[in-house]
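Worksheet for the structure shown next.
The values are calculated or read from the model by the stated rules, or taken from the named source; none is laboratory data. Just so you know, these numbers come straight off a predicted model, no measurement behind them. For neighbour counting, all protein chains shown are included, and Cβ atoms are generated from backbone atoms with ideal geometry for every residue, glycine included. Calculation scope for accessible area: heavy atoms of the full protein, side chains included, ligands and nucleic acids excluded. Shrake-Rupley method; radii C 1.70, N 1.55, O 1.52, S 1.80 Å.
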Amino acid sequence: MGATSFIGQSVKRKEDYRFLTGAGNYTDDVVLPNQSYAVFVRSPHAHAKIRAIRKDAAVKAPGVVAIFTGEDIAAAKIGGLPCGWLITDVNGQPMKEPPHPVLAHEKVRYVGDHVAVVIADTHQQARDAAELVEVDYEVLPAVVRGPDARKKGAPVLHDIAPDNTCYVWSLGDKAAVDKAFAGAAHVTTLEFINNRLIPNAIEPRSANAAFSRADDGYTLYVANQNPHVERLLMTAFVLGLPEHKVRVVAPDVGGGFGSKIYLYAEDVVLTWATKRINRPIKWTAERSESFLSDAHGRDHTTKAELAMDANGKFLAMRVATNANLGAYLSTFASCVPTILYATLLAGQYTTPLIYCEVTSVFTNTAPVDAYRGAGRPEATYVVERIVEQAAREMKLDPAEIRRRNFIKQFPYQTPVALLYDTGNYEATLAEAVKLADVAGFPARKAEAAKRGKLRGLGYACYIEACGIAPSNIAGALGARAGLFEAGEVRVHPTGKVTVFTGSHSHGQGHETTFAQVVADRLGIPMDDVDIVHGDTSKILFGMGTYGSRSIAVGGTAIVKAVDKIVAKGKKIAAHLLEASDADIEFKDGIFRVAGTDRQVPFAQVSLSAYVPHNYPLDKLEPGLNENAFYDPTNFTFPAGSYVCEVEVDPDTGTTTIVNFTAVDDFGKIINPMIVEGQVHGGLTQGIGQALIEQCHYDPESGQLVTGTFQDYSLPRADDVPSFTIGTRETACTHNPLGVKGCGEAGAIGAPAALMNAITDALGVRDLEMPATSQRVWRAANAV
């Protein structure tokens, strides 16, 4: 890199001053003229028929503007919420897609289901009036656990799915796998639950919708990760509005982790109702509402089997998973336990045969969708837990059994559809083993035993598929949307640059990393680059941020636009320097005639583009503004090796993470400091799942038991250690930056590494997540 190189530098985040000084602008900060406020009446029952809704008293309450119910929505012929991914079942039939009304009509199907919306002059007036809405329910039996949904006599949620089954889907050659198992020297079997999680972004979901009679247009401010997709789904599939008449703005968003990808009922209801009352309407979730109605994550019940030869070489894997989808299909729910799960079951290994069957079911619980990692954490947990158990059963070192089965030649075609382009798994594991001082573990274990403590060591070697692509392949697999990204680079006359990206930042640091990339490519100061995102009226149609796709897909779209800027700049510079285009070089912000000292700076070229007094008008249009769309040719494949060391107190069941080492391969790293922060955050969320987080519904009533922070625990500073972080780089081969993505890695690898360490310390085959003190104490004392 030249003197102006920013790639690879730990540049402090440009956006942090705004956030740290309270100058951030979140959806709830938006207050519009004549603002009104909405509160939703939600079902207190998991399953019930709606006999009647009595709203007379509520309508007469102070400040009430309007109250709408499911009958109003049905009368207006408002469509239900769509699912964006079609899965075809093993019989060649499309999955069951029951209607998902934005306000429940005739029946509610989970605690928190939307029954009515009350709109008033103030939020408090709306709350008070909502309490006056009386709903007459006929309570029905409920089912909340995935494995119970298909049992004989289970309550039926939807007429279209009388056995509560959305689909049964499979991947792989079952007959070949069965044959391999029949000839195996050893088979390891594990059954486990991947516990349901409730996302808890620091900013609750929020929306503020306004209608303008002046231009018959709508504006929706919303805490969302992909505003263009929100607009498309809402206009084309639900409300039937002209897309160009709807502006969606996602301003500063305080965390998402997947839970803000989706089109939610509240967004639709507010957008529809704002025209009805001719006033802006704002709704911001209270935390208790978030627990009830944000899309949940995980919730798999799985049986996994691994067949090996006498030397521990993997021959085949067989996996059967029950995936709980909740009461309705959320936006991307159907692809998480299928396309984003089963395709990762090869992990980092040369397992030649894999067969996976997934049964996805409806239950009387909140809808389940993508949560940080989205299918990849579930797949990694299956692979890394059973590999660790196999090592124990065959009396092999856990690192050694992995080394014997690592993929070593690339590109590598897995038996579950994916083609890995590059990686070096042995180097990553070797670095993790070194940093974790695995060699010194026996001595530490012996010292702990003298104190009456149990020490355990656990590994996890994960891989993930990021930057979901390409669109045509995704489309063949059932995606109902494109998976490209868009970028526009607008160079101003003075050489300053504004970049418009279809990616969306909700904490990742895009304003910094994208600026680093552009400043590096153009050889200009970072302060000369501004990044704009989150407003459909300003940016090209983009797909937003999820799946660690921002730098690999969004960043590449920006690079392609920058390359067009440079190409045009060379033509302008050639004219100014009276040279041939082919002789112009561009480096460190200077256009130069090759082999000479004749040169012009970038700012002079940009000024010439907008003040074209000396300009090749016969060949070029004025201006210096380019855009690009990028549709990747493949996924990117970040991978890593994690080593976790724990100490368990058998008297109390307390688990202490003594050390957690994470070595990741993210390809080329743009900003090491931001990457480290992303890894820390992901590790913390993964540790939260393994140790303390669990969404629990009462199996009889369907009530959400863990509906507040008193009952649902999140990891705190004293729950996590000081992480040991390292990186090993193999550049992605199919994007110009060589990047792979880093946003989800920690959450993918951490649960398996931690649970492997705990089960090692306890000497047990399995322990259900979360490994609470009570569960650990019972296992330690065989209670």
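Miscellaneous remarks
Rundown of residues vs (1) part of a helix (DSSP H, G or I); (2) open to solvent by 30 Å² or more (accessible area, probe 1.4 Å); (3) of a type outside the set (Gly, Ala, Ser), yes/no style:
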site	(1), (2), (3)
Val679	yes, no, yes
Gln694	no, yes, yes
Tyr712	no, no, yes
Cys732	no, no, yes
Asp760	yes, yes, yes
Asp766	no, yes, yes
Pro770	no, no, yes
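- Matching residues, the stretch 52-62, being surrounded by fewer than 16 Cβ atoms within 10 Å (Cβ to Cβ), touching a residue at least 40 places away in the same chain (Cβ under 8 Å) and outside any helix (DSSP H, G or I): Ala52, Arg54, Pro62
- The number of residues in the stretch 447-489 being among the aromatic types (Phe, Trp, Tyr) and either assigned to a loop (DSSP other than H, G, I, E, B) or surrounded by fewer than 24 Cβ atoms within 10 Å (Cβ to Cβ) (or both) comes to 1.
- Unmet criterion (only one of (1) touching a residue at least 40 places away in the same chain (Cβ under 8 Å); (2) closer than 28 Å to Ile670 by Cβ; (3) touching a helix residue (DSSP H, G or I) at 6+ places or on another chain (Cβ under 7 Å); (4) not acidic (Asp, Glu)) for Pro616: (2)
- Residue selected from the stretch 14-51 under the condition in contact with a Ser or Thr (Cβ under 6 Å, 6 or more places away or on another chain) and assigned to a helix (DSSP H, G or I), by the criterion nearest to Ala519 (Cα to Cα): Thr27
- Enumeration of residues in the stretch 262-302 that are in a loop (DSSP other than H, G, I, E, B) and either within 12 Å of Ala207 (Cα to Cα) or over 25 Å from the mean Cα position of the chain (by Cα) (or both): Leu263, Tyr264, Asn278, Arg279, Pro280, Ala285
- Residue that is farthest from the chain's Cα centre (by Cα) [pool: residues in the stretch 477-502 that are small (Gly, Ala, Ser) and modelled with pLDDT of 95 or more]: Gly495
- Extreme residue, surrounded by the most Cβ atoms within 10 Å (Cβ to Cβ), among residues of the stretch 714-730 that are of a type in the set (Asp, Glu) and closer than 30 Å to Thr655 by Cβ: Asp719
- Those residues of the stretch 696-709 which are outside any strand (DSSP E or B) and either within 24 Å of the chain's Cα centre (by Cα) or at pLDDT below 95 (or both), in sequence order: His696, Thr706, Gly707, Thr708, Phe709
- Flag for Arg402 being more than 22 Å from Arg549 (Cα to Cα), of a type outside the set (A, V, I, L, M), in a helix (DSSP H, G or I) and within 27 Å of the chain's Cα centre (by Cα): no
- The set of residues in the stretch 1-41 that are open to solvent by 30 Å² or more (accessible area, probe 1.4 Å) and charged (D, E, K, R) comprises Lys12, Arg13, Lys14, Asp16, Arg18, Asp28, Asp29.
Results for (1) of a type in the set (Ser, Thr, Tyr); (2) closer than 14 Å to Leu171 by Cβ, shown as yes or no for each residue.
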| site | (1), (2) |
| --- | --- |
| Ala295 | no, no |
| His300 | no, no |
| Gly312 | no, no |
| Met317 | no, yes |
| Asn322 | no, no |
| Ala327 | no, no |
| Ala333 | no, no |
| Thr343 | yes, yes |
| Gln348 | no, no |
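- Reported count of residues in the stretch 163-179, each being open to solvent by 20 Å² or more (accessible area, probe 1.4 Å) and out of contact with any Pro (no Cβ under 7 Å at 6 or more places or on another chain), is 11.
- The set of residues in the stretch 169-220 that are within 30 Å of Ala342 (Cα to Cα), of a type in the set (A, V, I, L, M, F, W, C) and outside any strand (DSSP E or B) comprises Ala175, Ala176, Val177, Ala180, Phe181, Ala182, Ala184, Ala185, Ile198, Ala201.
- Filtered by the rule that a residue be surrounded by fewer than 18 Cβ atoms within 10 Å (Cβ to Cβ) and under 30 Å from His504 (Cβ atoms), the stretch 567-602 gives a lone residue, Ala567.
- Residue check for Gly686: under 22 Å from Arg287 (Cα atoms), open to solvent by less than 10 Å² (accessible area, probe 1.4 Å) and over 24 Å from the mean Cα position of the chain (by Cα): no
- Of the strands (runs of 3 or more DSSP E) lying entirely inside the stretch 569-635, those containing at least 2 residues that are modelled with pLDDT of 95 or more and under 30 Å from Leu344 (Cα atoms) are 625-630.
- Asp89 fulfils the conditions (1) surrounded by fewer than 17 Cβ atoms within 10 Å (Cβ to Cβ); (2) of a type in the set (Asp, Glu); (3) in contact (Cβ under 8 Å) with a residue 60 or more places away in the chain except for a single criterion, (1).
- Every pair of residues 6+ apart whose Cβ atoms lie under 8 Å, when the first sits in the stretch 145-167 and is at positive phi and without any contact (Cβ under 8 Å) to a residue 24 or more places away in the chain while the second is open to solvent by less than 80 Å² (accessible area, probe 1.4 Å) and in a helix (DSSP H, G or I): none
- In the stretch 688-703, of all residues being touching a Ser or Thr at 6+ places or on another chain (Cβ under 8 Å) and hydrophobic (A, V, I, L, M, F, W, C), the one that is nearest to Val776 (Cα to Cα) corresponds to Leu691.
- Gly326 vs. criteria in contact with a strand residue (DSSP E or B) (Cβ under 6 Å, 6 or more places away or on another chain), in a loop (DSSP other than H, G, I, E, B) and at positive phi: yes
- Extreme residue, least open to solvent (accessible area, probe 1.4 Å), among residues of the stretch 122-162 that are touching a His at 6+ places or on another chain (Cβ under 9 Å) and assigned to a strand (DSSP E or B): Tyr137
- Matching residues in the stretch 205-239 - criterion: being farther than 11 Å from Val268 by Cα, surrounded by fewer than 23 Cβ atoms within 10 Å (Cβ to Cβ) and in contact with an Asp or Glu (Cβ under 9 Å, 6 or more places away or on another chain): Leu232, Ala236
- Gly256 vs. criteria assigned to a loop (DSSP other than H, G, I, E, B), open to solvent by less than 10 Å² (accessible area, probe 1.4 Å) and closer than 30 Å to His186 by Cβ: no
- Within the stretch 620-659, the residues that satisfy the criterion of being among the polar types (S, T, N, Q) and under 19 Å from Ala753 (Cα atoms) are Ser641, Thr654, Thr655, Thr656, Asn659.
- Residue within the stretch 634-653 that is of a type in the set (A, V, I, L, M, F, W, C), open to solvent by 30 Å² or more (accessible area, probe 1.4 Å) and either free of Cβ contacts under 8 Å to residues at least 40 places away in the same chain or touching a Lys or Arg at 6+ places or on another chain (Cβ under 7 Å) (or both) present: no
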